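The values are calculated or read from the model by the stated rules, or taken from the named source; none is laboratory data. Here the structure is a predicted model, which means the values were calculated and not measured. All Cβ positions, even for glycine, are placed from backbone atoms using ideal geometry, and neighbour counts span all protein chains on display. The accessibility values were calculated without ligands, DNA or RNA, using every heavy atom of the protein model including side chains. Shrake-Rupley method; radii C 1.70, N 1.55, O 1.52, S 1.80 Å.
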Amino acid sequence: MGKLFIKLWVLLLLTSYSSWAIQTAVFDWTRAHAQIERPRTPFLTTTAETVAWALRDVPTADWARQFAEIGPKLTYPSELIPINGLLERYPIDQSNIPRLQAGANVYTSTGEGLPWLGIKRLTPSDLVLVVKLPPDESMLIFGMFSSTTFTWLIESTMYASAVLLWLSLFWRDLSKLIGAADKIGSGDFSFVANVRKGSALRPLANSLSRMTTRIAALVHAHKSLTTAVSHELRNPLMRLHFRHLLARDAEQTADKNRNLDLMAEDLDELDRLVDEMLTYAKLERLEPEIRMETVDIVALTEHAVDGARQLALAQGKNITIEESLSVATARGEAHYLERAINNLLSNAIRHAQSRVCISFAQVDGKSQLAVDDDGAGIPELERAMLFEPFARLDGSRARNTGGFGMGLAITRRVAHWHGGDVRIETSPLGGARFVMSW
């Protein structure tokens, strides 16, 4: 708002200065022309000489009475008044009184479209002759306008031009935004905020650009999620259908029960899949209010490590989990931080050979959580893809890989809510390192 006001103020200031410069140049020429021609002097001088000749034999005390008789006969309307009453009757400057007393002619305007006044003292009296002179066309600007009219025309034209320039630039930028909005509405998200930097619409263009990027990402994520969900649902449903046929046709009770048990496992898998989908959809749709507080990192890590050890035993793996905590506390939301730690540890347990290491540190003023494993590692070109929902490296989506590929996607959301990010690096243990910083 402040920058917009300053720009408008500077524009008006430049417009006023330009108008003043034009008028000054023209009026200087007009004054020079008037000084050469002096068109009003003959009218005033002739009238004053006529009145003086008519009053030559009349005593000075009777001039006012005698003028009442000859005044209506003069060519131009005239008036004879005391010099000390002149200021009260006509709009002349006080500095002109000494000039009149010295015998000089004084000219003044009575207003736009009204006659000019020519004033001259009739010596030896203290009376002045006021003659209403006709407008002189030689004093018109370009022979057409009076000075006041010309001033109004110049200023109104200059301000109109300034407003036209302002509106044309504004409308050009607005047209670009309207065109961009139409493209977005038709599904084309290739929007570029090419609005000029000084435009009042630049913040709106930047917001629209960010919104477009966000919408494009959501549409892409929606398409990817739809494809992944359909694939994830197809496998257990196909198995359920196949095992249902086997159970129905089984002649032995043992075979029927075995197929029913396998069907129950498939149903459990579907339950977990639906739960993961609902959880991620909720986290993606609603950004919670993160209450940053001091979190006990030691207690949080110990609890997460105990769960990871139990997960490793359940998977039949003998994995050593090491802890390296250089800080005891960190700022964050305990519930979501614990979820992120659990996701990273379960991912490491799934791919590790024998060792997993979790560490906490303060790096460049930020809290940093790192989880390392000694597994096969992750190719650099495939690292970014792993944070998408249902993404897995093997591409088979078989159950023996464990999980549904949602843990890392949720971890990324947690990092985003804390104002940070999560990335994948090569671990000193030989496998993958997942680093979350905030």
Checklist entry - Residue check: is Ile341 open to solvent by less than 10 Å² (accessible area, probe 1.4 Å) and either modelled with pLDDT of 90 or more or closer than 17 Å to Phe434 by Cα (or both)? => result yes
Checklist outcome for this item: Out of (1) among the hydroxyl-bearing types (Ser, Thr, Tyr); (2) exposed (fewer than 11 other Cβ atoms within 10 Å of the Cβ); (3) modelled with pLDDT of 85 or more, the one Thr47 does not meet is (2)
Next on the checklist: Can you tell me which residue is surrounded by the fewest Cβ atoms within 10 Å (Cβ to Cβ) among those in the range 348-383 that are hydrophobic (A, V, I, L, M, F, W, C) and closer than 14 Å to Ala308 by Cα?
Outcome noted: Cys357
Item to check | Sole residue being more than 21 Å from Thr294 (Cα to Cα), modelled with pLDDT of 90 or more and not aromatic (Phe, Trp, Tyr), chosen from Gln353, Gln368 | outcome: Gln353
Item to check | Contacts under 6 angstrom Cβ, first residue in the range 264-279 being closer than 15 Å to His244 by Cβ, partner open to solvent by 30 Å² or more (accessible area, probe 1.4 Å) and assigned to a helix (DSSP H, G or I), 6 or more apart | outcome: Asp266/Arg239
Checklist entry - How many residues are more than 19 Å from Leu218 (Cβ to Cβ), in contact (Cβ under 8 Å) with a residue 24 or more places away in the chain and open to solvent by 30 Å² or more (accessible area, probe 1.4 Å) if we restrict to the range 186-201? => result 3
Next on the checklist: For the range 82-107, give me each residue that is open to solvent by less than 40 Å² (accessible area, probe 1.4 Å) and hydroxyl-bearing (Ser, Thr, Tyr).
Outcome noted: Tyr90
Checklist entry - Quick one: in the range 114-170, which of the residues that are assigned to a loop (DSSP other than H, G, I, E, B) and small (Gly, Ala, Ser) is modelled with the highest pLDDT? => result Ser125
Next on the checklist: Every residue in the range 354-377 that is closer than 17 Å to Ala312 by Cα and in contact with a Gly (Cβ under 6 Å, 6 or more places away or on another chain), please.
Outcome noted: Asp373, Asp374, Gly375
Checklist entry - Looking at this structure, is Met277 under 30 Å from Gly407 (Cα atoms), part of a helix (DSSP H, G or I) and open to solvent by 80 Å² or more (accessible area, probe 1.4 Å)? => result no
Checklist entry - Inside the range 53-81, can you point out the residues that are open to solvent by 70 Å² or more (accessible area, probe 1.4 Å) and either in contact (Cβ under 8 Å) with a residue 60 or more places away in the chain or under 16 Å from Pro124 (Cβ atoms) (or both)? => result Trp53, Arg56, Asp57, Pro59, Ala61
Checklist outcome for this item: Of Ser199, Ser175, the only residue that is at pLDDT 75 or above, polar (S, T, N, Q) and either outside any helix (DSSP H, G or I) or within 20 Å of Leu14 (Cβ to Cβ) (or both) is Ser199
Checklist entry - Mind checking which pairs have a first residue in the range 90-109 that is touching a residue at least 12 places away in the same chain (Cβ under 8 Å) and a second that is among the hydroxyl-bearing types (Ser, Thr, Tyr) and in a helix (DSSP H, G or I), Cβ under 7 Å, 6 or more apart or different chains? => result Asn105/Thr41
Checklist entry - Can you tell which of Ala340, Ala330 is outside any helix (DSSP H, G or I) and touching a helix residue (DSSP H, G or I) at 6+ places or on another chain (Cβ under 9 Å)? => result Ala330
Checklist entry - When residues of the range 424-434 are filtered for being surrounded by fewer than 20 Cβ atoms within 10 Å (Cβ to Cβ) and within 12 Å of Cys357 (Cβ to Cβ), how many remain? => result 2
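Report yes if Val305 is part of a strand (DSSP E or B), among the β-branched types (Val, Ile, Thr), open to solvent by less than 20 Å² (accessible area, probe 1.4 Å) and in contact with a strand residue (DSSP E or B) (Cβ under 8 Å, 6 or more places away or on another chain), otherwise no.
Working: part of a strand (DSSP E or B): no; among the β-branched types (Val, Ile, Thr): yes; open to solvent by less than 20 Å² (accessible area, probe 1.4 Å): yes; in contact with a strand residue (DSSP E or B) (Cβ under 8 Å, 6 or more places away or on another chain): yes.
Criteria not met by Val305.
Residue by residue, here is whether (1) over 30 Å from Ala180 (Cα atoms); (2) modelled with pLDDT of 80 or more; (3) in contact with a Ser or Thr (Cβ under 7 Å, 6 or more places away or on another chain) holds:
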residue	(1), (2), (3)
Arg239	yes, yes, no
Arg248	yes, yes, no
Gln252	yes, yes, no
Arg258	yes, yes, no
Leu273	yes, no, no
Thr294	yes, yes, yes
Val298	yes, yes, no
